[in-house]
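These notes concern the structure reproduced below.
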Amino acid sequence: MTHTLTPTADPATEIDDIARLLTPAGERIADPDLDRWVKDVDAAALRDLYRDMVLVRRIDTEGVALQRQGQLALWPPCQGQEATQIGTARALRADDFVFPSYRETGVVYARGARPADFVLAWRGEEHSTYNPYEINTATQQIIIGAQTLHAVGYAMGIQRDGTDQAAVSYFGDGASSQGDVNEAMVFASSFRAPTVFVCTNNHWAISEPVAVQAKFPIAGRAPGFGIPSMRVDGNDVLACLAAMRWALDNARRGNGPAFIEAVTYRMGPHTTSDDPTRYRDKEEVESWRRRDPIARVEALLRAEGEFDDAFEAAVAADADALAAEVRAAAMGAVTREPLTVLDNVYAEPHAGLDEQRAWFGAYLDGFAPAEAATVGEAR
Ligand SMILES: Cc1ncc(C[n+]2csc(CCOP(=O)(O)OP(=O)(O)O)c2C)c(N)n1
Ligand SMILES: [Mg+2]
């Protein structure tokens, strides 16, 4: 008998020891914890999930292309993570409140964002292009982990309202090391706040591999805070849907928080400013390509005789139409005066903001007007 708790699993390699309902080959397998949550998912529902994931991948491809063409300042690709995002987000009710990170394009899509909502902030035109209260989704958080605190605070508000809503935060494997995330878990547990922590373990925090900061699967941390957790295949949309339904049910019943670690992979760069070939092997990326989340749903649907050329073409056409709308929103954006970037950041003016405005104004004035430059060159 020992009282020492010892980490026994390698978080990077233990990808086969996770809950899943769909194998990488698209075979539907049983799971005692997950099956009961997706009994209602028939072929039509599976086709909807497939369609969602294809549309999200198409938005993502368009985002990268627009950035490469100079139309967006930055884009954080989510390719590979579509099942995690769609599976969990499709389990939500419209009146739940979501606190996503910058990479949750698919979650924002599932919440009801319009085409322009995907690009105007990344173009630097708006702080947020959707109204958070219209789609019950906060602006996409860039401060790593901060949204977990926001979600727990919101969840404590839900408790005071006495409703059965839930507040959900999405964050990454890297964020799980952040103080904010750990503090959020302490508060959520202490107050039994109706919240779900969705940790997307995409194996990388920019160039930092998950194994450096997690010597044990991340899902294993939550029970230490008194929070039940589940580690699921994040490339399995059915498993993600099931796990999220379990976690939301837990919150709605008044049992407090739950934690999901969705094990997936960031197929692209961290952002369009990053070059991942400098720090990771091609073979690793290729091995994850064989676990593609969309391909495995297609394989299942084909095996069931529910996927034909007409369906595939219809989804592809919908995806192209949506991408065209996203592109049109970016290209048609009206660029505002640079100084307006400071508008609407705070409800009230304050000295710090005045200082920044003065500094930025002087900086902008430092650029020679175009005409003067031409005269100078003619000299
Ligand atoms: C508080 C804070 N520290 C550092 C950064 C810089 N930063 C941006 S993304 C990132 C890595 C996040 O990795 P992870 O949580 O795994 O999310 P992923 O990017 O993989 O989705 C860091 C350190 C930041 N935005 N905020
Ligand atoms: Mg990560």
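For the peptides 208-215, 247-254, residues were scored by their other Cβ atoms within 10 Å and the scores averaged per peptide; the highest-first order is 247-254, 208-215. Expressed as a whole percentage, what fraction of the accessible surface of the chain belongs to carbon and sulfur atoms when a 1.4 Å probe is rolled over the protein heavy atoms? That fraction is 53 percent. Sorting His3, His350, His203 by accessible area puts them as His3, His350, His203; the probe is 1.4 Å, largest comes first, and only protein heavy atoms count. Using the heavy atoms of the protein chains alone and a 1.4 angstrom probe, what is the accessible area of the chain per residue in square angstrom? For the chain, the solvent-accessible area averages 47 Å² per residue. With both labels modelled 7 Å from their Cα along Cα-to-Cβ, the Arg114 to His127 distance reads 2.0 nm. Comparing Cα centroids, region 185-246 and region 251-322 end up 18 angstrom apart.
Taking DSSP loops as anything outside H, G, I, E and B, show the longest stretch in the chain free of chymotrypsin sites (Phe, Trp or Tyr not before Pro) there with at most 13 other beta carbons within 10 Å.
With chymotrypsin sites (Phe, Trp or Tyr not before Pro) excluded where exposed in loops, the chain gives 134-278 as its longest stretch.
Within 10 Å of each candidate Cβ there may be at most 11 other Cβ atoms; applying that plus a DSSP loop requirement, which GluC sites (Glu not before Pro) in region 116-209 survive? Passing both the DSSP loop test and the Cβ count: Glu134. Overall, the anisotropy analysis places region 93-176 in the oblate class: the square-rooted eigenvalues a ≥ b ≥ c of its C-alpha gyration tensor yield a/c not less than 1.5, with a/b not exceeding b/c.
Taking amide H as placed 1.01 Å from N in the peptide plane, Val168 has its amide H under 5 Å from the amide H of Phe97, Val98, Phe99, Val196, each at least 5 places away in sequence or on another chain.
The charge dipole of the chain, taken about its Cα centre with unit charges on the Cβ atoms of Lys, Arg (+1), Asp and Glu (-1) only, comes to about 500 debye.
The values are calculated or read from the model by the stated rules, or taken from the named source; none is laboratory data. Just so you know, these numbers come straight off a predicted model, no measurement behind them. As a convention, Cβ positions derive from the backbone with ideal geometry for all residues, glycine included, and neighbour counts pool all protein chains shown. Side chains are part of the model used for accessible areas, which takes the heavy atoms of the whole protein and leaves out ligands, DNA and RNA. Shrake-Rupley method; radii C 1.70, N 1.55, O 1.52, S 1.80 Å.
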